[in-house]
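A.B. asks: Below are the structure tokens for one structure; questions will follow.
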Amino acid sequence: MILSLTSNETATREVEIVADASEIDLTASDDGEVRFGHEVTARLTTRRVAEEFFASGLVDTKATLKCARCLAEFEVPLTAPIELVIHRVHAPAAPGADLDAYVEVSSGTSSFDLGPYAREALMLTVPDVPLCREDCSGLCALCGANLNVQTCTCEGSSTDSRWDGLKQASTLKRT
């Protein structure tokens, strides 16, 4: 996901950059709960002022998530804001692990890789508790049936027998 820094114009430009998710290391999570397999698109407004390039806009893609309640897979669009100031200097600071919005590159640099910044922005938009829909009923705790698809016909006890001792103790205390 390469942004060209060769423009000599100081005018504002609209730029669209498209890359495969794997190109920016946007792959499936270790637990398999999140998968990316679509294109990533960055729509940016860029402007050059002297040796600084300002880039701001949105990065978007689609992800396949697993519902936290019913375990069904579903696809969700992800959109994240991205803002960078890229400053060309004669001797840039040593590269660090931090991804800051202010970046120094050497003065001869003609392009900049947005990939790590786009990846970070998109990963931060993945919901902590993904739900296929707000009113997801989840799975039956006894038989495991998906309650969004079918009604449960369990005839078993709705409580765990391991709690029976506690239930008896609470009824003895009341009397």
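The values are calculated or read from the model by the stated rules, or taken from the named source; none is laboratory data. Nothing here was measured: the structure is a model prediction, and the numbers come from that model. As a convention, Cβ positions derive from the backbone with ideal geometry for all residues, glycine included, and neighbour counts pool all protein chains shown.
A.B. asks: Given the structure, is Leu99 assigned to a loop (DSSP other than H, G, I, E, B), loosely packed, with under 15 Cβ neighbours inside 10 Å and modelled with pLDDT of 85 or more? Reasoning before the result, please.
C.D. replies: Numbers: assigned to a loop (DSSP other than H, G, I, E, B): yes; loosely packed, with under 15 Cβ neighbours inside 10 Å: yes; modelled with pLDDT of 85 or more: no.
So Leu99 does not fit the description; no.
A.B. asks: Something else: Considering only residues that are assigned to a strand (DSSP E or B) and at positive phi, which ones fall in the stretch 56-72? It would help to see each step written out before you state the result.
C.D. replies: If we filter the stretch 56-72 for residues that are assigned to a strand (DSSP E or B), which is where we start, we get 56-66.
Hit for the stretch 56-72 is Gly57, nothing else.
Here is a yes/no grid of residues against (1) at pLDDT 90 or above; (2) of a type in the set (Val, Ile, Thr):
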position: Leu58; (1), (2): yes, no
position: Thr61; (1), (2): yes, yes
position: Cys70; (1), (2): yes, no
position: Glu73; (1), (2): yes, no
position: Ser107; (1), (2): no, no
position: Asp128; (1), (2): yes, no
position: Leu131; (1), (2): yes, no
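A.B. asks: Then there's this: Residue pairs, Cβ under 7 Å, 6 or more apart or interchain, first in the stretch 102-119 and more than 9 Å from Met1 (Cβ to Cβ) and free of Cβ contacts under 8 Å to residues at least 60 places away in the same chain, second of a type in the set (A, V, I, L, M) and assigned to a loop (DSSP other than H, G, I, E, B). List them.
C.D. replies: Going by the 7 Å Cβ cut-off, the qualifying pairs are Glu104/Ala93.
A.B. asks: Name the residue that is farthest from Asn148 (Cα to Cα), counting only residues in the stretch 56-89 that are in contact (Cβ under 8 Å) with a residue 60 or more places away in the chain and either basic (Lys, Arg) or out of contact with any strand residue (DSSP E or B) (no Cβ under 8 Å at 6 or more places or on another chain) (or both).
C.D. replies: Arg88
A.B. asks: Considering only residues that are in contact (Cβ under 8 Å) with a residue 60 or more places away in the chain, over 30 Å from Cys132 (Cβ atoms) and part of a loop (DSSP other than H, G, I, E, B), which ones fall in the stretch 3-55?
C.D. replies: Leu5, Thr6
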